[in-house]
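The values are calculated or read from the model by the stated rules, or taken from the named source; none is laboratory data. Keep in mind the model is a prediction, meaning the values are calculated, not measured. Cβ sites come from the backbone with ideal geometry, for glycine too, and all protein chains shown count toward neighbours.
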């Protein structure tokens, strides 16, 4: 437990990236300062010096000892002020003891300062080892956030591919995080654009990132984009004198009929040989 017997004023800092909120209380529990504080060395030194000159020994307490809380702690130490921190979980529990439910920077700063005054056993001393542990925990937290973001983006890509072309998703899905697949999707973006590019351009694009897989992967992709029965039906309509758009509309109506039959009968799609298409 930190000895606060010789502390003349307790300074609580609800730390932030650009500015903190600073609140001080005296041993009697009276507020002596309550205002925003820019996160700059000159402003921090100015406040600490004023408090020391007016009150005496200043205990600087933060709710986060690393990253955004590092500068005020370094300045406080350099100026001879004792420092401590109030763990976040402890602070949240203590906050339930104070009136009001709205979470504000000013309220949090006051709770930090007053907890240091009234409940010094809740404080933790800060030494080099504590700061190193806090920094490592933050780095691990960043890594966890990045891993979660990678998973979220991958799931989103899986979903989009499934919505637009399930067969293509079955080819690309298991390799979705491979640099070659990501490059392919970044360059062409959709099944239609991949088909339009032809086989040579995707192979050339993928070969530097997947030299052994490029040609086989492109063949698998074009096999998933292809439907011999649909191509035969489309060619038949073209041979009957229909324009490209008319032939596509005929094919779309035929596909819609198939979907209706699947829903009506509760069956899965079973491709028919191209020769059987009429």
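The helices (runs of 4 or more DSSP H) found wholly in segment 98-204 and carrying at least 2 residues that are at pLDDT below 85 and within 30 Å of residue 65 (Cα to Cα) occupy 128-164.
For residue 2, indicate whether it is outside the structural domain of residue 116 (by TED's automatic domain parsing) and surrounded by 13 or more Cβ atoms within 10 Å (Cβ to Cβ). Spelling it out, residue 2 is indeed outside the structural domain of residue 116 (by TED's automatic domain parsing) and surrounded by 13 or more Cβ atoms within 10 Å (Cβ to Cβ). Within segment 222-245, the set of residues being in a helix (DSSP H, G or I) and modelled with pLDDT of 85 or more comprises 236, 237, 238, 239.
Residues in segment 161-184 that are farther than 16 Å from residue 219 by Cβ, in contact (Cβ under 8 Å) with a residue 24 or more places away in the chain and surrounded by fewer than 17 Cβ atoms within 10 Å (Cβ to Cβ): 164, 177, 178, 179, 183. Scanning segment 196-219 for residues that are surrounded by fewer than 15 Cβ atoms within 10 Å (Cβ to Cβ) and either over 34 Å from the mean Cα position of the chain (by Cα) or within 30 Å of residue 247 (Cβ to Cβ) (or both) yields 196, 198, 199, 200, 201, 216, 219.
Pairs are defined by a Cβ separation below 7 Å, a sequence spacing of at least 6 or placement on different chains, a first member in segment 25-52 that is under 15 Å from residue 9 (Cβ atoms), and a second member that is exposed (fewer than 13 other Cβ atoms within 10 Å of the Cβ); the pairs so defined are 25/31.
Meeting the requirement of 1 or more residues that are modelled with pLDDT under 90, the strands (runs of 3 or more DSSP E) wholly within segment 1-89 are 83-85.
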